[in-house]
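Each reported figure results from applying straightforward, stated rules to the coordinates on display, with no laboratory input. Since we're looking at a predicted model, the values are computed, not measured. Positions of Cβ are backbone-derived with ideal geometry, glycine not excepted, and every protein chain shown enters the neighbour counts.
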Amino acid sequence: MNEKAIAEIGKQVAGRRIVVAVTGGIAAYKACELVSTLVKLGAEVRVAMTPNATQFVGAATFRALSGHPVACDMFAEPQSDEIAHVSLAEFAELIAVVPATANLLGKVAAGICDDFVTTIICAGRGPVLVAPAMNWRMWENPIVQRNCQTLAELGYHIVAPEIGRLADGEEGWGRLAGLETILAAIVQALEEPGTGG
Ligand SMILES: Cc1cc2nc3c(=O)[nH]c(=O)nc-3n(C[C@H](O)[C@H](O)[C@H](O)COP(=O)(O)O)c2cc1C
């Protein structure tokens, strides 16, 4: 990645409180590099995961990369330095859902809050960025497109997926946007109003 661009992004994210929310798609591993980069750039990063995301990357990896406990189980007894869901929503200047599954898009568009990630999105008042990633058949599904449209109309920042080779070996739209694109979108979203009421 272009070092000058990264340095410029660093100036914008240093000290900002960002929650990276990871959902259960094959691109979850790419969120590791995002968290690692944001931490290196001086952002205050916390990670929330859906239970399904932990099937793809272990919470221990994000705990190590962020230096903080990972929020995943809404009903777990909080550890001393762990933040409950409402506090995490208050902590977040920005929630960045990377990657965002088709399931997550549908749940948020419908106002469903049945796990830590969807609940902090509902409770948050800052901007929310979602970076969908999925097989092209899912991405082209009209319901998924409609859910994205709904979220965009409500002020969510959608970082559109790219065309390319997908994890399952197929070619098409649905590949998670590149790290640099997501970082640039985070910088932009940090300057914009939130999605909450
Ligand atoms: C191997 C595997 C890969 C998957 N990859 C994706 C994906 O890239 N995008 C997606 O939307 N769903 C994907 N799914 C389906 C999601 O895991 C499933 O919809 C799940 O309910 C998402 O849960 P969450 O949104 O709560 O994390 C995949 C499932 C499996 C088993």
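Evaluate the stretch 112-121: report whether one residue or more is of a type outside the set (Val, Ile, Thr) and assigned to a helix (DSSP H, G or I). Yes, because at least one residue in the stretch 112-121 is of a type outside the set (Val, Ile, Thr) and assigned to a helix (DSSP H, G or I).
Among the residues of the stretch 130-140, those identified as within 10 Å of the ligand (Cβ to nearest atom), touching a helix residue (DSSP H, G or I) at 6+ places or on another chain (Cβ under 8 Å) and not in a helix (DSSP H, G or I) are Pro132, Ala133, Met134. Within the stretch 20-39, no residue that is within 18 Å of Asn103 (Cβ to Cβ) and within 15 Å of the ligand (Cβ to nearest atom) sits with its Cβ atom under 7 Å from a residue that is of a type in the set (D, E, K, R) and outside any helix (DSSP H, G or I) at 6+ positions apart or across chains. Output yes when any residue across the stretch 40-49 is out of contact with any helix residue (DSSP H, G or I) (no Cβ under 9 Å at 6 or more places or on another chain), crowded, with 22+ Cβ neighbours inside 10 Å and at negative phi, and no when none is. Checking the stretch 40-49: not a single residue is out of contact with any helix residue (DSSP H, G or I) (no Cβ under 9 Å at 6 or more places or on another chain), crowded, with 22+ Cβ neighbours inside 10 Å and at negative phi. Restricting the stretch 144-158 to residues that are in contact (Cβ under 8 Å) with a residue 40 or more places away in the chain and of a type in the set (Val, Ile, Thr) leaves a set whose member that is nearest to the ligand (Cβ to nearest atom) is Val144.
Exactly one residue out of Gly169, Gly174, Gly164, Gly155 is crowded, with 18+ Cβ neighbours inside 10 Å, at positive phi and more than 15 Å from the chain's Cα centre (by Cα): that is Gly174. Please enumerate the residues belonging to the stretch 1-31 that are closer than 23 Å to Gly126 by Cβ, among the small types (Gly, Ala, Ser) and part of a helix (DSSP H, G or I). Selection gives Gly10, Ala28, Ala31.
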